[in-house]
Amino acid sequence: MYVTVKLFASLREAAGRDQLRCELPEGATVERLAGQLRADLPALEEAIGRARIAVNRRYAAAGARLEEGDEVALFPPVSGG
């Protein structure tokens, strides 16, 4: 199955693009996707562990299952001042 991954702010800069299309096995979870992104894009490894992840515009837990065509968004932590 395929999902679309949208990257924002520093994640987008580290990856050098704002969107990816990832192939995953059926029944894959958010955690599996994060692991695959770490392996495929080592520049994101540290940041992914701190990122907030949303699936279809709703924040999702690591164990949330993904489905064909889902839109996954990764947001880096934000600090204010």
For this session: Per residue of the stretch 5-18, in order, report the coupling 6.51 cos²θ - 1.76 cosθ + 1.60 (Karplus, θ = phi - 60°) as ³J(HN,Hα) in whole Hz, putting x for Gly and Pro.
Result: 10, 9, 10, 10, 6, 5, 5, 4, 5, 5, 7, x, 7, 9
Exercise. Using the beta-carbon distance between Met1 and Tyr59 and R0 = 30 Å, what value does 1/(1 + (r/R0)^6) give for FRET efficiency, to the nearest 0.05?
Worked result: 0.90
Problem set entry | Antiparallel bridges, percent of DSSP beta bridges restricted to the stretch 2-75 (to nearest 5) | 75 percent
Exercise. Using +1 on the beta carbon of Lys and Arg, -1 on that of Asp and Glu, and nothing else charged, what's the dipole of the chain about the Cα centre, debye to 20?
Worked result: 280 debye
For this session: Calculate how steeply helix 30-40 sits against the longest principal axis of the alpha-carbon atoms of the chain, using the helix alpha-carbon long axis, and give the answer as 0 to 90 degrees to the nearest 10.
Result: 70 degrees
Exercise. For the stretch 2-75, what's the radius of gyration and Dmax over Cα atoms, in angstrom?
Worked result: 10.9, 29
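All of the numbers you see were taken from the coordinates with simple rules; none came from a lab. It should be emphasised that the depicted structure is a prediction, and the values quoted were computed from it without experimental measurement. So basically every Cβ, Gly included, is an ideal-geometry build from the backbone, and we count neighbours across all protein chains shown.
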